[in-house]
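Only one structure is covered here, and it is reproduced in the block below.
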Amino acid sequence: APCLVAGWILVASLAKIVFQLSRKVTSVVPESCLLILLGLGLGGIVLAIAKRAEYQLEPSMFFLFLLPPIVLDSGYFMPSRLFFDNLGAILTYAVIGTLWNSFTTGAALWGVKQAGLMDEGVEAGLMDFLLFGSLISAVDPVAVLAVFEEVHINETLFIIVFGESLLNDAVTVVLYKVFNSFVEMGPEHVQATDYLKGVASFFVVSLGGAAVGVLFAFLLALITRFTKRVRIIEPLFVFLLAYMAYLAAEMVSLSSILAVTFCGICCKKYVEANISRKSRTTVKYTMKTLASSSETVIFMFLGISAVDTSKWAWDTALVLGTLLFILLFRAVGVILQTWVLNRFRLTPLDRIDQVVMSYGGLRGAVAFALVILLDGAKVRAKDYFVATTIVVVFFTVLVQGLTIKPLVTWLKVKRSDHHKPTLNEELHEHAFDHILAAVEDVVGHHGYRYWRDKWEQFDKRYLSQLLMRKSAYRLKDEIWDVYCKLNIRDAISFVDQGGHVLSASRLTLPSMPSRTSMSESSVTNLLRESGSGACLDLQVIDTVRSRRDKEDAVMHHVLCGSLYKPRRRYKASYSRHFISPSTQERQDKEIFQQNMKRRLETFKSTKHNVCSAKSKSRLKKDGRKKKKSAANAELPNGKPPRSVTWQQTAAVLVAVDSDDEESDSSETEKEDDEGIVFIARATDKILQGKTASVGSTLP
């Protein structure tokens, strides 16, 4: 059995490689359709050789091993801001829409049966058809992800359809279990209290599943707060506790999909702040790999399972009626619900969006697994329901999956531009959030933005301090992170341009190779080892290549005059469970931070004529020493004074003696200063003297 599992995963993975070799095919046919067709082919080969169907998509394998990675990946990387902004619409379509589709589809099929259009072998009553309607009406998250991610529709439309497919799991589970129990009891034994229990179970299943997910998310964030000494097992906690949330909800008959979804949404902020960067990369790629592999196996096994005709029976009226009713009632439900929602939405959903939402209600492996779980002794029409479910799944994935991309192109639906907001846009977005929350507070209307602002304050005051490591909470500064990234990008652009520093005195670095064979962390190292001691002058290097780069450059220089990051302490650890950071990477980071700090201090003291208290006390205390050092500037062991101006066009490199710095700096600076090299504008007096030594660094 383990060999067969590994073999099937290998075949599915090789199939994905083959599919991607022909871009013309994959640009027209979704990958999910190709995998189903591959499964049909492999199932036919196995059936021809073994004379019977050997492999099937078992419900236990699907629900316990294949579905959790897909849902965890969706919840963990869910755009939480967009999800909660459209939560009202998502809940409306997921709850009311699923109830509408289930009852109308089941009642309509029962009406067709009463009209005598179905075969007499379909022995099903009203409860049987309602049971079938509950499992066939729910939108499948796996199918929606597989198809809609290739279409690249706009983010709002995608999050509504995908969010509906995730949250309608609670309604599907409740309806499926309620009607299944009613069928086993017999319609004549169902009482009024049973209906009330069914309504109450909906709230228990949905809210209970979400509560289990939030509980495990809280536990996961709390555990990762104390994993600083065992970085190597941080990804293990993420996958283990998320899977335990799924299993815990499944064991107590709650919504396991909701549990994993809310676990991923709620824990990401705190977990990402606590774990290391390498652990974040490991979690990301491992989660994506597991989700992609599970999705590939699911669609391939759907095709293999359809070959086994011994488990299903055919009825044309039932199949055609089901296809007609799920499309018709889906469209009617979307139109009615959207008409109500547009009365409250700031950005209404237009008719084109409603067409895409109606046509995008795909069914998949969840419906197939649920229909396989039916008890044939209780539900006598199970074989007919299985055949109908297979046809519906194939029709929605193959036909609708193939035609939805041309439909979106023909209707000119707004696509996702994959535009990452600039720093300027992010700052203005946060500013508008606070302004609108203040307006709601002033007028006395407690709307969505008011409660979101209250939640952010509560999170900042209590949750973040409880669930985040103190160092992670204090150093969590998104603006500073962007500032560092812009500096790294400028450094890389500097190397790509040949490594020349623009200055009137023609002080340039030797030509350096392109960064095609260099890492970002080696850029600073290469600058330091080149022997010139010159540093990047970000004000004169021209790196503007587009409008967004121009905006980022402006914000970069604004932040350059306002921010600097304090130095960090690094403590040695000798645990075999601890991944020590790279010495070269740490050294480059320290040099970068110290260099920018020195620039900012010099800029403030010279251009704005403002001296810090520390500099003033230093001038008073060492006045005589500075006079002597100025008089002996041309001595062999002397050095030029540090109080230089930035207003001249010529550039000269200033070397700083480490002994004076050690005597004037605090104990922390003594431990953390490493290899500081900076560039300054020279005055006329210094230009008349000798050129300062190049490449001198602090210890």
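The values are calculated or read from the model by the stated rules, or taken from the named source; none is laboratory data. What you are looking at is a predicted structure, and each value in this text was computed from that prediction instead of being measured. For neighbour counting, all protein chains shown are included, and Cβ atoms are generated from backbone atoms with ideal geometry for every residue, glycine included. What goes into the accessible areas is simple: the full protein's heavy atoms, side chains included, and nothing from ligands, DNA or RNA. Shrake-Rupley method; radii C 1.70, N 1.55, O 1.52, S 1.80 Å.
I need every pair where a residue in segment 452-472 that is farther than 26 Å from K228 by Cβ has its Cβ under 7 Å from the Cβ of a residue that is open to solvent by less than 30 Å² (accessible area, probe 1.4 Å) and part of a helix (DSSP H, G or I), sequence separation at least 6 or different chains.
Filtered contacts from segment 452-472: D453/A437.
Answer yes or no as to whether F218 is modelled with pLDDT under 90 and touching a Leu at 6+ places or on another chain (Cβ under 9 Å).
No: the conditions fail for F218.
It is to be established whether one or more residues within segment 413-436 are at pLDDT below 85, over 30 Å from K228 (Cα atoms) and touching a Leu at 6+ places or on another chain (Cβ under 7 Å).
No, the conditions are met nowhere in segment 413-436.
Yes or no, residue by residue, for (1) open to solvent by less than 20 Å² (accessible area, probe 1.4 Å); (2) in contact (Cβ under 8 Å) with a residue 12 or more places away in the chain:
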{"residue": "Y384", "(1), (2)": "no, yes"}
{"residue": "V399", "(1), (2)": "no, no"}
{"residue": "I404", "(1), (2)": "yes, yes"}
{"residue": "V413", "(1), (2)": "yes, yes"}
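Only residues that are assigned to a loop (DSSP other than H, G, I, E, B) and either open to solvent by 40 Å² or more (accessible area, probe 1.4 Å) or not polar (S, T, N, Q) (or both): list them for segment 45-56, please. Step through it out loud before you land on a result.
Residues of segment 45-56 that are assigned to a loop (DSSP other than H, G, I, E, B), as a first pass: 51-56.
Answer for segment 45-56, where residues must be assigned to a loop (DSSP other than H, G, I, E, B) and either open to solvent by 40 Å² or more (accessible area, probe 1.4 Å) or not polar (S, T, N, Q) (or both): K51, R52, A53, E54, Y55.
Can you tell me which residue in segment 213-241 is least open to solvent (accessible area, probe 1.4 Å), limited to those that are among the β-branched types (V, I, T) and not in a helix (DSSP H, G or I)?
If we take residues in segment 213-241 being among the β-branched types (V, I, T) and not in a helix (DSSP H, G or I), then T227 is least open to solvent (accessible area, probe 1.4 Å).
Only one of L66, L38 is within 29 Å of the chain's Cα centre (by Cα) and either under 21 Å from D169 (Cα atoms) or touching a residue at least 24 places away in the same chain (Cβ under 8 Å) (or both); which? Spell out how you get there, then give the answer.
Values: L38 fails: within 29 Å of the chain's Cα centre (by Cα).
The unique qualifying residue is L66.
What pairs come up if the first residue lies in segment 277-297 and is under 17 Å from A143 (Cβ atoms) and of a type in the set (A, V, I, L, M, F, W, C), the second is modelled with pLDDT of 90 or more and crowded, with 17+ Cβ neighbours inside 10 Å, and their beta carbons are under 6 Å apart, counting only those six or more places apart or on different chains?
Pairs that qualify, where the first residue is under 17 Å from A143 (Cβ atoms) and of a type in the set (A, V, I, L, M, F, W, C) and the partner is modelled with pLDDT of 90 or more and crowded, with 17+ Cβ neighbours inside 10 Å, are A291/P69; A291/I70; A291/D73.
Six or more apart or on different chains, Cβ atoms under 6 Å: show the pairs whose first residue is in segment 197-219 and under 15 Å from Y76 (Cα atoms) and whose second is open to solvent by 30 Å² or more (accessible area, probe 1.4 Å).
That search, which allows pairs on different chains as well, returns A210/F262; G213/F262; V214/F262; V214/C266; A217/C266.
Which residue is modelled with the lowest pLDDT, if the candidates are limited to segment 131-166 and must be of a type in the set (G, A, S) and open to solvent by less than 10 Å² (accessible area, probe 1.4 Å)?
A146
The conditions are (1) surrounded by 15 or more Cβ atoms within 10 Å (Cβ to Cβ); (2) at pLDDT 90 or above; (3) under 18 Å from S165 (Cβ atoms), and P30 fails exactly one of them. Which is it?
Condition (2) is where P30 drops out.
Of these, A369, A365, which one is closer than 26 Å to F162 by Cα, touching a Pro at 6+ places or on another chain (Cβ under 7 Å) and surrounded by 21 or more Cβ atoms within 10 Å (Cβ to Cβ)?
A369
Looking only at segment 291-315, count how many residues are open to solvent by 70 Å² or more (accessible area, probe 1.4 Å) and in a helix (DSSP H, G or I).
Counting residues in segment 291-315 that are open to solvent by 70 Å² or more (accessible area, probe 1.4 Å) and in a helix (DSSP H, G or I) gives 3.
Taking the options V238, V230, name whichever one is closer than 23 Å to F65 by Cβ and touching a residue at least 40 places away in the same chain (Cβ under 8 Å).
Values: V230 fails: closer than 23 Å to F65 by Cβ.
None of the other options fit; the residue is V238.
Yes or no, residue by residue, for (1) modelled with pLDDT under 90; (2) of a type in the set (S, T, N, Q); (3) farther than 25 Å from Y384 by Cβ:
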| residue | (1), (2), (3) |
| --- | --- |
| L323 | no, no, no |
| L327 | no, no, no |
| I335 | no, no, yes |
| W339 | no, no, yes |
| N342 | no, yes, yes |
| L346 | yes, no, yes |
| R351 | no, no, yes |
| V355 | no, no, yes |
| Y359 | no, no, yes |
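Taking into account only those residues within segment 182-202 that are in contact with a Lys or Arg (Cβ under 8 Å, 6 or more places away or on another chain) and buried (at least 16 other Cβ atoms within 10 Å of the Cβ), which is farthest from V356 (Cα to Cα)? Talk me through it step by step, then tell me what you get.
Start the filter on segment 182-202 by keeping residues that are in contact with a Lys or Arg (Cβ under 8 Å, 6 or more places away or on another chain), which leaves 183-184, 201.
Cutting the leftovers down to buried (at least 16 other Cβ atoms within 10 Å of the Cβ) gives us 183, 201.
Working: V183: 35, S201: 32 Å.
Out of the qualifying residues, it is V183.
Tally the residues that are loosely packed, with under 15 Cβ neighbours inside 10 Å, within 10 Å of D73 (Cα to Cα) and of a type outside the set (S, T, Y), restricting the search to segment 274-290.
Selection size over segment 274-290: 1.
Assess whether K454 counts as being modelled with pLDDT under 90, over 20 Å from I160 (Cβ atoms), open to solvent by 50 Å² or more (accessible area, probe 1.4 Å) and not in a helix (DSSP H, G or I).
On the way: modelled with pLDDT under 90: yes; over 20 Å from I160 (Cβ atoms): yes; open to solvent by 50 Å² or more (accessible area, probe 1.4 Å): yes; not in a helix (DSSP H, G or I): no.
Considered against the rule, which asks whether it is modelled with pLDDT under 90, over 20 Å from I160 (Cβ atoms), open to solvent by 50 Å² or more (accessible area, probe 1.4 Å) and not in a helix (DSSP H, G or I), K454 comes out as no.
Select, from T281, T286, the only residue that is part of a helix (DSSP H, G or I) and more than 25 Å from A6 (Cβ to Cβ).
Testing whether each residue is part of a helix (DSSP H, G or I) and more than 25 Å from A6 (Cβ to Cβ) leaves just T281.
Among the residues of segment 166-181, are any more than 30 Å from Y359 (Cα to Cα), part of a helix (DSSP H, G or I) and of a type outside the set (D, E, K, R)?
The answer is yes, given that some residue of segment 166-181 is more than 30 Å from Y359 (Cα to Cα), part of a helix (DSSP H, G or I) and of a type outside the set (D, E, K, R).
Being surrounded by 16 or more Cβ atoms within 10 Å (Cβ to Cβ) and aromatic (F, W, Y) is the filter here; which residues of segment 317-357 pass it?
Within segment 317-357, F325, F329 meet the criteria.
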